[in-house]
Amino acid sequence: MLKFCFRFTTRLAIAALCLLTITGSVRPNAVEQIRSQGELVVVTRNSPTTYFEDNVGITGYEYELAKAFANHLGVKLVIKQADNLSDLYNSLERKQASFAAANLTITDQRTKWVRFSTPYMNVTQQVVYRRGGMKPKQTFDLAKGQLVVASDSSHAEKLRQLQSKQVPELTWSESPDFESVGLLQMVATGEVDFTVVDSNEFEMLQAYYPNLAVAFDLTGAQSLAWAFPQSRDDSLFKASESFFRNAQTNGLLSEVRERFYGHLGQLNYVGAKHFKRQTDKKLEKYDDLFQQAAKQYGLDWRLLAAMSYQESHWNPRAKSFTGVRGMMMLTRRTAKELGVRNRLDPKQSIYGGADYLTKLHKRLPKRIQEPDRTWMALAAYNVGYGHLTDARKLAVKDGGDDSRWMDVKDYLPLLSQKRHYKNTKHGYARGSEPVTYVQNIRRYFDVLAWNDNPDLDMALESE
């Protein structure tokens, strides 16, 4: 009897073990857990190159990529904001986020304790100084001034390498309280002599600090990537690899890069200084008109202000050789169609320009989405709707996408070449001008938007 009970109990235990195995006692992997919870938690930093909030909502280069990845997984994106790099890495270590998307450079030190995704951008580390101040010409010169970088940054890691191998006398300070924006501000105001930032950060922020310049590149090209915690479960990492392959193939990476970086470099040192001077001197006089007109026509007032600066530098009596006049440089014919009686009257001109831009915006095919829709409406404002249509048709003929600004802007300049414009409906146009026009306005808009954002201390400092 006892032998029978033992055999029965043993068989029962084996059966139970088999049942547990069959019914899925195996722990769900990371992707399965994320899909079960319905959300992907990503840690990042609040900065112009990563994640920020504007008048439309949450945006940013890293945010848009992470959001696309969440959509790829079929879940909602949840952002965890880190105060600094140390806080960001702690969030990964404590498993408070699935990965970090924060303009992180792949370095030898970091790869010891995080796993990096497929790179999505290359940058260089750049030494930045204040124009008129001490300009370092090589790494040895950094020891002659006060140098400050962010704590736990790739820049600090590079400086330690230089100190140990090339410049033993090199000294610097590391700040956990400041990142690129704050450090550039300190250099701009003369609190410190130099700092080091990534090239994409300086490219995006240079217009806000026209008195800053790059002294030299501290490194060659380095890759930016997402950082995943080291784990035996690599399901989410593999999902990110698949996502980036698709993003490269379907043009998503190019599209996001164009959105945030495609218009940069349009504003040189002289242009940036003049824009700041005019902003301080003239904008306040007209910003109520821009805001009122924008409200009436459902536009962003800063877009109207940026347009007006590009058109006339906020000069109500501006006039071009083609006869267009006023704050928004309306032609006589367009002004008549819009009911503008006096093109030199700032209110009439601003309202007329807002009305005209809105009409062009609505006229575009519904399939053209934002922000491409706004960029194309601006191009049409400058070169004419017919010429924009011709460029879009050229793009389609060549296999491009006529609903994407990044494609259309490459075909607009062809309208000045006879072999292209002779086969278009509206003929010759100075097609390079609307491209420059749109890119300049995007840059001016960026500056006005950042200056209007109290959550980011981005105000331009007076020299």
Could you give the spread of the C-alpha atoms of region 125-220 along their three principal axes, from largest to smallest, in whole angstroms?
35, 26, 25
Any chance you could check the Cα centroid distance between region 306-331 and region 53-89 for me, in angstrom?
39 Å
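Show me 180-192, 393-405 ranked by packing, highest mean number of other Cβ atoms within 10 Å first. Provide the component values of the computation, followed by the final result.
Values: 180-192: 20.1, 393-405: 17.2.
Highest-to-lowest ranking by the protection proxy: 180-192, 393-405.
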Any chance you could check the Cα centroid distance between region 161-207 and region 126-146 for me, in angstrom?
10 Å
Extent of region 35-76 along each principal axis, from alpha carbon coordinates, in Å, largest to smallest?
31, 19, 14
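Per residue and in Å³, how big is the convex hull formed by the alpha-carbon atoms of region 269-451? Let's see the in-between values first.
On the way: hull volume 22.7 nm³, N = 183.
Hull volume normalised by residue count: 124 Å³.
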Tell me, M406, M121 in order of fewest to most beta-carbon neighbours within 10 Å?
M406, M121
Below 13 angstrom from the Cβ of E311, what's the summed charge of the other residues (Lys, Arg +1; Asp, Glu -1)?
+3
Take the Cβ-Cβ distance between S254 and D233 as r, set R0 to 41 Å, and report the resulting FRET efficiency rounded to the nearest 0.05.
0.85
Using eta = 0.890 mPa s and T = 25 °C, Stokes-Einstein with Kirkwood Rh from Cα pairs puts D for the chain, in µm² s⁻¹, at 97 µm²/s
Computed Rg/Rh for region 48-201 (Cα atoms; Rh = Kirkwood radius) stands at 1.00
Residue exposure sequence - I58, I79, I350, I106 - by fewest surrounding Cβ within 10 Å:
I58, I106, I79, I350
Helix-only mean residue ellipticity at 222 nm for the chain, each DSSP H run of n ≥ 4 adding -39500 (n - 2.57), per residue, nearest 500
-14500 deg cm²/dmol
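Taking only C-alpha pairs under 8 Å that are 6+ residues apart, what is the relative contact order of the chain in percent? Kindly include the intermediate steps, with their values, before the conclusion.
On the way: 684 pairs, mean separation 62.1, N = 463.
Result for the chain is 13 percent.
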Label D401 and D452 with points 7 Å out from Cα along Cα→Cβ: what is the distance between them in nm?
2.8 nm
Let me know the Kirkwood hydrodynamic radius for region 233-334, please, with Cα pairs as the basis and the value in Å to one decimal.
17.1 Å
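N71 to S223: extension gain in nm, 0.36 nm per residue of separation minus the Cα-Cα distance?
Working: separation 152, 0.36 × 152 = 54.72 nm, distance 2.44 nm.
So the extension gain works out to 52.3 nm.
Based only on other Cβ atoms within 10 Å, what is the fewest-to-most ordering of E201, E53?
On the way: E201 22, E53 14.
Taking fewest neighbouring Cβ atoms as first place, the list is E53, E201.
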May I ask you to derive the FRET efficiency for V214 and I58 from their Cβ-Cβ distance with R0 = 41 Å, giving the value to the nearest 0.05?
0.85
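How much length is gained if the chain between K281 and I106 is pulled fully straight, taking 0.36 nm per residue apart and subtracting their Cα-Cα distance, in nm to one decimal?
Values: separation 175, 0.36 × 175 = 63.00 nm, distance 4.36 nm.
Result: 58.6 nm gained on full extension.
Take the Cβ-Cβ distance between Q369 and N246 as r, set R0 to 22 Å, and report the resulting FRET efficiency rounded to the nearest 0.05.
On the way: r = 19 Å, r/R0 = 0.87.
Taking R0 as 22 Å, the efficiency between Q369 and N246 is 0.70.
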Euclidean distance between Cα centres, region 221-292 to region 347-374, Å
23 Å
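A short reminder: the numbers here are calculations on the coordinates, not readings from a lab. Predicted model only: the values in this text are computed from it and were never measured. Cβ coordinates were reconstructed from backbone atoms using ideal geometry, including for glycine residues, and neighbour counts include every protein chain displayed.
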